[in-house]
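Visitor: Please find one structure pasted underneath; my questions will follow.
Only the coordinates and a few stated rules stand behind these numbers; no lab work does. If you're wondering where the values come from, they're calculated on a predicted model, not measured in any experiment. So basically every Cβ, Gly included, is an ideal-geometry build from the backbone, and we count neighbours across all protein chains shown.
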Amino acid sequence: MDLSILYRGPLASCDYDCGYCPFAKRRDSPETLRADRAALERFVAWVTAQTEDRISVLFTPWGEALTRSWYRRALVGLSCLDHVGEAAIQTNLSSRAGWTTGADLDSLALWCTYHPDQVPYERFLGRCFELRDGGVRFSVGIVGVPEHLAAARRLRADLPEDVYLWVNAAEGRTYTDAEAEPWSELDPLFPVSRFPHPSQGHACRAGESVISVNGDGEVYRCHFVSRTDPTERLGNLYDGSYRDALRPRLCPLTQCDCHIGYVHMPELGLHNTFAGGVLSRIPAGAPVLRSAAVAGTRPR
C-alpha cells in the first residue's frame, strides 16, 4: 500500500502571534505536552512497523512543533526508514536547523512559512540558508496580503532560484487580475491558490491513498471533512480498522481552498507538478541540495 498520512496531534501552542490565527502565543499545559509526546511516539512506532507499506508523512500541527524535541527526533527517525518516502512538516522555521544532521536528506523535507511581522527578515533568511547549506529540501511561502508584497519580493530576490517560493491566497480574499499579477510573478502556481476549487462530487485521493490521523489514531479522509460526523470516521490506525474503509471517494464539501486538500484532487494534476514533494510543497525538478554542490552565495 502507498499511503500518505497527515498527522495532527494535541499540540496547539505557538511561539508566534499572527493576528489571523486562534493559536497565536498559546501555551499548552504540561499535561497536553506529555500527551502529545506520547501520541507522537506511538505514531512513529506504528509507521516504523509498517515495513510492507510505502508511507509518507506530513505533520500539520496547529502550532509550531519544531520547538519540541520529540518532533525533531520523529522526523529524523522517520526519514531514515527505507519504507518512508517523505517525512515533512509545516513550520515557521523559528528553530535552527542543526537537528537535521542525522536525517536522511532524500526523505526529510520542510514546508516553511515566512511571517514578516513575526520575525526579523535576516533571521528567517539565515535559517533558509542553514537548511540549504545542510542539503535539506524545503519550500518557503508567504500569505498574499498587500502588506507582505514588498517582503515577498525581497525574499524571492535573496533566495536561491531553485528554492520554490509559494504564495497562499489570503483566506476570504478575492483578487482582481491586477492584484493577482504581482503574486503570480513571484509564484507561477499562485493561480492555483487564487480561487477555491469546486470540489463537491469531485474525485479526491483523500480517503483512498491519503488520510488524516489525530493523536488517538482516529482516521478521517482529510482535515476538512467534519470529524463530528461519525459516518466520516474511517476507523483507527492502531487496530487496523481503517484499511477496509480505504476506497475512492467523492468530496462532500462545496469547495476546497487549502493546498493540503486540493493537491490531492486528480483533476488538477498537482501530483505531477509536485512529484517527489507533494507533502512538502516542493515542485518536481527541484534539486536535492547538497552543501558540496550549492550554487550561489549567501546574501550579505
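Visitor: If you stretched the chain out fully between residue 209 and residue 275, how much longer would it get, using 0.36 nm times the residue separation minus the C-alpha to C-alpha distance?
Guide: Roughly 22.3 nm would be gained on extension.
Visitor: Whole Å is fine, so just give me how far the alpha carbon centre of the stretch 156-189 lies from that of the stretch 53-97.
Guide: 26 Å
Visitor: Right, another one. Any idea what the dipole of the chain comes to, in debye rounded to 20, about its Cα centre with Lys/Arg Cβ at +1 and Asp/Glu Cβ at -1? It would help to have the intermediate numbers written out before the result.
Guide: On the way: 32 positive and 37 negative charges, 115 e Å.
So the magnitude is around 560 debye.
Visitor: Under the definition of Cα pairs under 8 Å and six or more residues apart, what whole-number percent is the relative contact order of the chain? Mind showing how you got there, number by number?
Guide: Values: 548 pairs, mean separation 53.1, N = 300.
Taking the mean separation of contacting Cα pairs over the length of the chain, I get 18 percent.
Visitor: A further question on this structure: Return the FRET efficiency for the residue pair residue 171, residue 105: r is the Cβ-Cβ distance, R0 is 41 Å, and the value is rounded to the nearest 0.05.
Guide: Working: r = 33 Å, r/R0 = 0.80.
With a Förster radius of 41 Å, E is 0.80.
Visitor: Among 276-285, 173-182, 97-106, how do they line up from the highest to the lowest mean number of other beta-carbon atoms within 10 Å?
Guide: Answer by packing, highest mean first, reads 276-285, 97-106, 173-182.
Visitor: How would the stretch 30-128 be classified by its alpha-carbon gyration tensor: rounded, prolate or oblate, with rounded meaning a/c under 1.5 and the a/b versus b/c comparison settling the rest?
Guide: Details: a/c = 2.34, a/b = 1.47, b/c = 1.59.
In terms of gyration-tensor shape, oblate.
Visitor: Provide the gained length on full extension for the span residue 12 to residue 42, in nm with one decimal, where the gain is 0.36 nm per separating residue minus the Cα-Cα distance. Could the numbers behind the result be given before it?
Guide: Values: separation 30, 0.36 × 30 = 10.80 nm, distance 1.84 nm.
Gain on stretching residue 12 to residue 42: 9.0 nm.
Visitor: What number comes out for the charge environment of residue 203, summing +1 per Lys or Arg and -1 per Asp or Glu over other residues with Cβ under 13 Å away? Before the final figure, lay out each step's value.
Guide: On the way: positive: 205, 221, 247, 249; negative: 208, 267.
Summing Lys and Arg as +1 and Asp and Glu as -1 gives +2.
Visitor: Which value in nm describes the separation of the simple spin-label points at residue 284 and residue 117, placed 7 Å from the Cα toward the beta carbon?
Guide: My value for the distance between the label points is 3.9 nm.
Visitor: Okay, next question. Binning every alpha carbon pair distance of the stretch 170-232 at 5 Å from zero, what are the percents per bin?
Guide: 4, 13, 18, 16, 12, 14, 12, 7, 3, 0
Visitor: Right, something else. Stretched out fully, how many nm does the piece from residue 243 to residue 145 gain, at 0.36 nm a residue minus the Cα gap? All intermediate terms of the calculation are to be shown ahead of the outcome.
Guide: Numbers: separation 98, 0.36 × 98 = 35.28 nm, distance 4.11 nm.
This chain segment gains 31.2 nm when fully extended.
Visitor: Here is a further query. What is the spin-label model distance, in nm, from residue 33 to residue 67 if the labels are put 7 Å beyond Cα along the C-beta direction?
Guide: Using points 7 Å along Cα→Cβ, the separation is 1.0 nm.
Visitor: Pull out a ≥ b ≥ c, the square roots of the eigenvalues of the alpha-carbon gyration tensor of the stretch 101-193, then state rounded if a/c is under 1.5, prolate if not and a/b is larger than b/c, and oblate in the remaining case. If you can, show how the numbers build up before the last one.
Guide: Details: a/c = 2.25, a/b = 1.78, b/c = 1.27.
Prolate.
Visitor: Here's something else I'd like to know. Please work out whether the stretch 2-293 counts as rounded, prolate or oblate from its C-alpha gyration tensor, where a ≥ b ≥ c are the square roots of the eigenvalues and a/c under 1.5 means rounded, while otherwise a/b larger than b/c means prolate and anything else oblate?
Guide: Values: a/c = 1.44, a/b = 1.17, b/c = 1.23.
Cα axes put the stretch 2-293 in the rounded bin.
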